[in-house]
1. Run down Asp210, Asp229 and say which single residue is under 18 Å from the mean Cα position of the chain (by Cα), of a type in the set (Asp, Glu) and more than 19 Å from Gly109 (Cα to Cα).
2. Just checking, does segment 147-154 include any residue being under 23 Å from Asp309 (Cβ atoms), in contact (Cβ under 8 Å) with a residue 12 or more places away in the chain and over 20 Å from the mean Cα position of the chain (by Cα)?
3. Would you call Asp129 in a helix (DSSP H, G or I), open to solvent by 50 Å² or more (accessible area, probe 1.4 Å) and not hydroxyl-bearing (Ser, Thr, Tyr)?
4. Only one residue in Gly206, Gly139, Gly183, Gly194 is of a type in the set (Gly, Ala, Ser) and surrounded by 22 or more Cβ atoms within 10 Å (Cβ to Cβ), so which one is that?
5. In segment 21-57, what residues are under 21 Å from Gly97 (Cβ atoms) and among the acidic types (Asp, Glu)?
6. Give all pairs with beta carbons closer than 6 Å in which a residue from segment 304-326 that is closer than 19 Å to Gly206 by Cβ meets a residue that is of a type in the set (Gly, Ala, Ser) and open to solvent by less than 70 Å² (accessible area, probe 1.4 Å); count only pairs at least 6 apart in sequence or on separate chains.
7. Can you tell me which residue within segment 249-284, out of those that are open to solvent by 60 Å² or more (accessible area, probe 1.4 Å) and farther than 23 Å from Leu321 by Cα, is modelled with the highest pLDDT?
Amino acid sequence: MSAGVGRMQAGAGGARSGETRGERYRRAEAKWWNHFDLEPTEEFIEIESPSTRLRVLEIGDGPPVVFVHGTAGAAPVWAPLVKELSGFRCLLLDRPGWGLSSPLDYSQGDYGSLSTALMRQVLDFLGLDRAHIIGGSIGNVWALRLAEAYPELVPGVVLIGGGPLTPAIPVPKIVRVIASPLGAVMLRLPEKPGRVRAILRGNGDGESLDAGRMEEFIEWRVALGRDTDSMLGERSMIRTIVDWRRGSFRPGLVFEDADLAALEVPTLMIYGASDPAGSVEIWQRFTEALPRASLRVVESAGHMPWFYDPAGIGRDVDRFLRSKGRSG
């Protein structure tokens with residue numbers, strides 16, 4: 001691993017003379033990590049097939065846990081939860097095109113196969129013969145597809161927030177807009193705090209926002225949108241998995257009942273009751289279709305419930321991971 005990234009130039013926001021976009025982003029990211037008194041190290045992984053270069057941030061020691069984020073933000077989005085997980089080696093992936101990872105041509109194959117191939121190579125590169133996987137939103141697809149293809153590698157899976165896992169989930173409105181021609185224009189506009197706040201409220205995270213738990217997150221998230229090409233890369237991905245005219249996911253992304261019934265890997269799903277991606281009833285049916293799954297509903301939380309109750313969710317995740325045996 002390289003030197004820690006969490007203490008780099010953690011000064012106030014705003015542009016500095018001669019600073020590149022990448023330098024501005026790293027400074028904002030460092031300030032976000034410093035808010036939690038965390039100092040991750042980073043490593044870049046060269047993936048041959050499909051070809052891309054991925055960044056992995058690492059915090060802590062112990063059984064390895066690989067985190068895969070959703071569209072809310074890159075690897076640092078997990079900081080409030082990671083702060084609560086002592087005794088684990090937390091490995092946080094910037095998905096292709098996000099943060100400081102290179103983009104990926106998702107037209108090379110179906111989404112499930114591509115994400116599985118990438119995850120398998122990440123584990124191989126890191127020298128892991130087993131690792132727990134935590135997903136958020138569409139990162140849930142990455143977690144479950146790896147567990148489906150290589151159950152011997154995954155002692156436990158944690159799914160946080162709703163995601164495109166079942167045909168019962170409609171395409172979120174913001175995702176449909178991003179996939180449309182309007183999205184190409186919208187994503188080239190400068191990122192602003194007001195737009196981030198509006199998206200958070202639309203995702204059901206208004207209580208976390210109103211309680212003041214997300215102000216530092218918003219500052220980092222604005223820098224991510226302004227100083228990296230993350231959302232342009234995400235739009236490229238979204239257009240391969242979403243039919244924006246019909247408002248539906250393309251075939252092959254979600255899990256059918258037969259797929260779920262064959263997934264024997266222990267799974268914990270954590271869902272905020274205010275999350276618009278599904279409903280408590282949908283995720284109850286989903287987890288009941290999995291042979292070894294349980295559902296925890298967090299009242300008043302939204303799409304990112306670890307912001308609403310980081311300590312409580314940290315305890316649940318810690319208990320689940322420790323109960324599922326050895327990884328690494």
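1. Answer to the selection: Asp229.
2. Checked segment 147-154: no residue is under 23 Å from Asp309 (Cβ atoms), in contact (Cβ under 8 Å) with a residue 12 or more places away in the chain and over 20 Å from the mean Cα position of the chain (by Cα).
3. no
4. Exactly one of Gly206, Gly139, Gly183, Gly194 is of a type in the set (Gly, Ala, Ser) and surrounded by 22 or more Cβ atoms within 10 Å (Cβ to Cβ), namely Gly139.
5. Glu23, Glu29, Glu42, Glu43, Glu46, Glu48
6. Met304/Ala72; Pro305/Gly272; Phe307/Ser208; Tyr308/Ser208; Tyr308/Ala301
7. Glu281
Per-residue answers, yes or no, for (1) over 18 Å from Gly70 (Cβ atoms); (2) in a helix (DSSP H, G or I):
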| residue | (1), (2) |
| --- | --- |
| Glu152 | yes, yes |
| Pro155 | yes, no |
| Leu159 | no, no |
| Pro164 | no, no |
| Val185 | yes, yes |
| Pro190 | yes, no |
| Arg195 | no, yes |
| Ser208 | no, yes |
| Gly212 | yes, no |
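The values are calculated or read from the model by the stated rules, or taken from the named source; none is laboratory data. From a predicted model like this one, the values you see are computed outputs, not experimental measurements. Please note: Cβ atoms are built from the backbone with ideal geometry, for glycine as well, and neighbour counts cover all protein chains shown. What goes into the accessible areas is simple: the full protein's heavy atoms, side chains included, and nothing from ligands, DNA or RNA. Shrake-Rupley method; radii C 1.70, N 1.55, O 1.52, S 1.80 Å.
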